[in-house]
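*Asks:* Just passing along the structure, written as structure tokens.
The values are calculated or read from the model by the stated rules, or taken from the named source; none is laboratory data. Model, not experiment: these values are computed from the prediction. For neighbour counting, all protein chains shown are included, and Cβ atoms are generated from backbone atoms with ideal geometry for every residue, glycine included. Ligands, DNA and RNA are stripped out before the accessible areas are found, and what is left, the full protein with its side chains, is counted by its heavy atoms. Shrake-Rupley method; radii C 1.70, N 1.55, O 1.52, S 1.80 Å.
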Amino acid sequence: MRKLIIILGDQLSPALASLRQAGPDDLILMAEVKTEARYVKHHKHKIILLFSAMRHFAATLRQQGFALCYLEYGAQPGIHSMTDAVAYALQQQEFSDIVITECGEYRLQQEILSWRERFNLPLHVLEDDRFICSTAMFAQWATDRQQLRMEFFYRQMRRYTGLLMDAKQQPVGGQWNYDKDNRKACPPDLKQVPPLQFSPDDITRQVMALVETEFADHPGSVGEFHYAVTGKAARQAFLHFVDQQLANFGDYQDAMLLEQPFLFHSICSMYLNAGLLDVRWMCQKVETAWREQSVSLNAAEGFIRQLIGWREYVRGLYWLMMPDYSRHNFLQAHTPLPGFYWHAGTKMRCMQQAISQTLQHGYAHHIQRLMVTGNFALLAGLAIDEVTAWYLAVYVDAYEWVELPNTLGMALFADGGILASKPYAASGAYINRMSNYCKHCHYQVKEVTGAKACPFNALYWDFLARNESQLGQNARMQLAYKNWHNKTPEQQQAIRAQAAQWLIQIEQL
Ligand code: FAD
Ligand code: DLZ
Ligand code: SF4
């Protein structure tokens, strides 16, 4: 009874369900393979982080006495996919069963499920209990609900985990949500402590050399890699955040500043999604910081909401809705993705900042993803599949279970309101309020028409006008439509002509 236990590149957790089943006779299989590394052009830092973290994780497992087969990238000819890797292991030895923990993407899940027939062995796909909410629990929550709003899911998760709850099972402070306190613009001179960065060790340097040669055509630059590649280092980075940055996270969660890619964000999604951090441990550290009065409730609640609210919610929604979810295009968006998404060559300062730091670090924070690059894509009607492929490629933390609902549902409203109650559409005024970008921009944020007008403005009104048959009845859009209808026909015509002009010359924006 020898089991073959497969551990994927984003399953690097010592307490992983499949690893808990590993006995002395079993073999653990890990493989760096082309199909996973190339199904989109992952940012170079993502591949470095995963391959290096996989190699470190494998080394630790070996030290702990596990039997392990680790296939390095390209080392075995003919092994291009996880299926090839499993076939290879089965050729070497006999096994009674194949064991794996649920994977994070529908694409790979289908491949894994095909093993049952292909290899004619019992296949055990274990629940990924690194997430607090199982897919079954989410489906149960969603049953008979007309709307699947995150806020109600979040309250259930607060009750379920007991996080930030008082003895009477009520939210501490008397409120569930301090979102309205999370929207301050950040003074440019506020002292910032940068996130921890790590020098590459020998293993990481070997992987960097591999990525340099094998993935030269992927976004990013190998030399600038500075992320953690072990659980220990990731925990150090997170504790540094709790100690130095969390106190300001609440107030400035939505703020943006020129040349400040990280602000007061944790930069932990890439570690958490790869399995290097544990969500329960993180939440406990944040709750303790609040109980010890090192941070305000608005900061602690704001952070915990992202983890047990948004993160668990989008994962539940993804598995509830796939595969149909990826095919939604409610607003019929088909404009090709402009080239500047890949090279940041644009005069729009907000887009230039968000995209250039994305290409440099494989990172942009939530409001940059949602209200800058996402908002532009929504207003300009960029093709859903091209936009979702871009987000999946350029971020170190990107996996489809989290990327797709955030992009297709939250940023592009392509699911017609399954995730969000209204589109996150905004003109330049929002970006101006939340950042100092507009002061340094070629365009004038207060202008709507003319060669120097901020493109977000005319595109915003045009978005409303263009999509009125789809959005005009939405209760939360009534004020926006009232403002649009208050404009004279001449004003409306001039704005729409300006928007049409921006779309014709989109590559030159
Ligand atoms: P913080 O601002 O420090 O937040 C703390 C943690 O909360 C994050 O690390 C993350 O784990 C979680 N979190 C916050 N918001 C969300 C959210 N909306 N959904 C899920 N988790 C959340 N997140 C990814 O992990 N992978 C993606 O591929 C991804 N793609 C996105 C695409 C778009 C268009 C948008 C709008 C958001 C996307 N997000 C994605 C969510 C969010 O932007 C990132 O999780 C966050 O910016 C990561 O940076 P951080 O670790 O510094 O987060
Ligand atoms: C993202 C990724 C990359 C780049 N490479 C590998 C790999 O070579 N081997 C592996 O096991 N996993 C890799 N991954 C992570 C998988 O793509 C991930 O497990 C699935 O997308 C499911 O989330
Ligand atoms: Fe962006 Fe418009 Fe502001 Fe320029 S003026 S930074 S394009 S919002």
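*Asks:* Among the helices (runs of 4 or more DSSP H) confined wholly to the range 401-504, which include 3 or more residues that are open to solvent by less than 60 Å² (accessible area, probe 1.4 Å) and within 16 Å of ligand 1 (Cβ to nearest atom)? Walk me through it before giving the result.
*Replies:* Numbers: elements: 428-434, 455-466, 468-471, 478-485, 489-504.
It comes to 428-434.
*Asks:* Please count how many residues of the range 347-365 are free of Cβ contacts under 8 Å to residues at least 40 places away in the same chain and open to solvent by 10 Å² or more (accessible area, probe 1.4 Å).
*Replies:* Of the residues in that region, 2 qualify.
Quick grid of which residues meet (1) under 24 Å from residue 267 (Cα atoms); (2) assigned by TED's automatic domain parsing to the domain that holds residue 283:
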| residue | (1), (2) |
| --- | --- |
| 92 | no, no |
| 158 | yes, yes |
| 163 | yes, yes |
| 171 | no, yes |
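*Asks:* While we're looking at this one, here's another question. Within the range 334-360, take every residue that is aliphatic (A, V, I, L, M) and part of a helix (DSSP H, G or I) and give me the one that is farthest from residue 398 (Cα to Cα). It would help to see each step written out before you state the result.
*Replies:* In the first step, residues of the range 334-360 are kept if they are aliphatic (A, V, I, L, M); the result is 337, 344, 348, 351, 354-355, 359.
Next, only the ones that are part of a helix (DSSP H, G or I) stay: 351, 354-355, 359.
Numbers: 351: 20, 354: 16, 355: 15, 359: 14 Å.
That would be 351.
*Asks:* Restricting the search to the range 1-47, which residues are open to solvent by 20 Å² or more (accessible area, probe 1.4 Å) and either within 16 Å of ligand 3 (Cβ to nearest atom) or not in a loop (DSSP other than H, G, I, E, B) (or both)?
*Replies:* 3, 20, 34, 35, 36, 38
*Asks:* Quick check on residue 416: is it modelled with pLDDT of 95 or more and over 23 Å from residue 350 (Cβ atoms)? Steps first, answer last, please.
*Replies:* On the way: modelled with pLDDT of 95 or more: yes; over 23 Å from residue 350 (Cβ atoms): yes.
Yes: the conditions hold for residue 416.
Residues are listed down the side, and each one gets a yes or a no for (1) within 28 Å of residue 343 (Cβ to Cβ); (2) of a type in the set (Ser, Thr, Tyr); (3) in the same structural domain as residue 375 (by TED's automatic domain parsing):
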{"position": "422", "(1), (2), (3)": "no, no, yes"}
{"position": "427", "(1), (2), (3)": "yes, yes, yes"}
{"position": "451", "(1), (2), (3)": "yes, no, yes"}
{"position": "478", "(1), (2), (3)": "no, no, yes"}
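*Asks:* Sticking with this structure for a sec: Picking from 361, 343, which residue would you name as being out of contact with any Gly (no Cβ under 7 Å at 6 or more places or on another chain) and either at pLDDT below 95 or under 26 Å from residue 457 (Cβ atoms) (or both)?
*Replies:* Values: 361 fails: either at pLDDT below 95 or under 26 Å from residue 457 (Cβ atoms) (or both).
Going through 361, 343 in turn, just one is out of contact with any Gly (no Cβ under 7 Å at 6 or more places or on another chain) and either at pLDDT below 95 or under 26 Å from residue 457 (Cβ atoms) (or both): 343.
*Asks:* Separate question: Here's a check for you: in the range 176-194, which residue that is in contact (Cβ under 8 Å) with a residue 40 or more places away in the chain and open to solvent by 70 Å² or more (accessible area, probe 1.4 Å) is farthest from the chain's Cα centre (by Cα)?
*Replies:* 188
*Asks:* Moving to a separate point now. Would you point out the residue of the range 9-23, among those that are more than 16 Å from ligand 1 (Cβ to nearest atom) and within 27 Å of the chain's Cα centre (by Cα), that is nearest to residue 116 (Cα to Cα)? Break it down stepwise before answering.
*Replies:* First, pick out the residues of the range 9-23 that are more than 16 Å from ligand 1 (Cβ to nearest atom): 14-23.
Narrowing the set further to residues that are within 27 Å of the chain's Cα centre (by Cα) leaves 14-19.
Working: 14: 26, 15: 25, 16: 22, 17: 19, 18: 17, 19: 20 Å.
Top of the filtered list is 18.
*Asks:* Being open to solvent by less than 20 Å² (accessible area, probe 1.4 Å) and assigned to a helix (DSSP H, G or I) is the filter; apply it to the range 243-272 and report the residue that is nearest to ligand 2 (Cβ to nearest atom).
*Replies:* 270
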